[in-house]
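Down below is the structure, laid out as structure tokens.
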Amino acid sequence: MRESERRPRTRARVVRTVLGGWRLALAIVEVVAIVANFTYVLGFSAFGVSNFFCYFTIMTAIATVPTLVASGVFALRRPVEPRALAMLRTVVLTHLLLSGLVFGIIVSQASTRDYRIEVPWSDQLLHFLIPVLVLADWLVDRFAGPLAVALPWRTVLWAIPFPTVWLAFTLWRGQAVGWYPYFFLDPAQVSGPWEIAMYCAAVLVIIMSMTGALVWASRARCLRPA
């Protein structure tokens, strides 16, 4: 093998090894953030344990852990990530970014509704830092890892089922228990069903736009076309 051919392969191996360890470390940080956030909210007398696991952020964070572990192991052991896992990692990343965006909007709008939202370090990890770090991992893998595969456009569609099921469950459960994780889903805090539908439509557009942007980026530089 020529030296000019050996260097790119060695570089790719180093990148994959670093990314593998990075993802396993991120999975540990995600678990710590989830546990810390659960411990934090236990301090509120009105807190319901079952409500904690109904937040989109928490469900996404829980799903992120095995995704990071699986992708980390593959990065350490194989030169090319399976396309199905790359699609899953992209969908999970979209949901992470969405949770951070929505939480940021809620926090910024809190003052206009005459209440204040505390943002402990666990929330900062879950909503802001971890999504940014996972995005950085995705970008490094895409643009520093020459064996990254192209994502098919159907990945955009795979980003929709989980939020849709979560929304249906949340609205059904909200009517049953009288609690909603976000104000824009609570009929008592909005003008009516049309406003809830408007918020949900906006979120759907954001999900499809972000996933579409990631798919486009994956196809801009890849090992082989989809």
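Miscellaneous remarks
- Qualifying residue in the range 159-168 (condition: among the β-branched types (Val, Ile, Thr), surrounded by 12 or more Cβ atoms within 10 Å (Cβ to Cβ) and not in a helix (DSSP H, G or I)): yes
- Criterion: polar (S, T, N, Q) and loosely packed, with under 14 Cβ neighbours inside 10 Å - qualifying residue of Ser99, Ser108: Ser108
- Residue within the range 136-154 that is assigned to a helix (DSSP H, G or I), among the acidic types (Asp, Glu) and touching a residue at least 12 places away in the same chain (Cβ under 8 Å) present: yes
- Count - residues of the range 70-106 that are within 18 Å of Leu129 (Cα to Cα) and free of Cβ contacts under 8 Å to residues at least 60 places away in the same chain: 8
- Residues that are within 24 Å of Pro181 (Cβ to Cβ), surrounded by 12 or more Cβ atoms within 10 Å (Cβ to Cβ) and at pLDDT 95 or above do not occur anywhere in the range 7-24.
- Extreme residue, surrounded by the fewest Cβ atoms within 10 Å (Cβ to Cβ), among residues of the range 169-180 that are among the aromatic types (Phe, Trp, Tyr) and more than 23 Å from the chain's Cα centre (by Cα): Trp172
- Residue match in the range 61-78 (condition: of a type in the set (D, E, K, R), within 30 Å of Ala168 (Cα to Cα) and in a helix (DSSP H, G or I)): no
- Residue ID - nearest to Val41 (Cα to Cα), chosen from residues in the range 181-195 that are open to solvent by 20 Å² or more (accessible area, probe 1.4 Å) and part of a helix (DSSP H, G or I): Phe183
- Test: residue in the range 99-113 that is among the aliphatic types (A, V, I, L, M) and within 30 Å of Thr10 (Cβ to Cβ): no
The values are calculated or read from the model by the stated rules, or taken from the named source; none is laboratory data. Here the structure is a predicted model, which means the values were calculated and not measured. Counting neighbours? That spans all protein chains shown, and the Cβs are built from the backbone with ideal geometry, glycine included. The accessibility values were calculated without ligands, DNA or RNA, using every heavy atom of the protein model including side chains. Shrake-Rupley method; radii C 1.70, N 1.55, O 1.52, S 1.80 Å.
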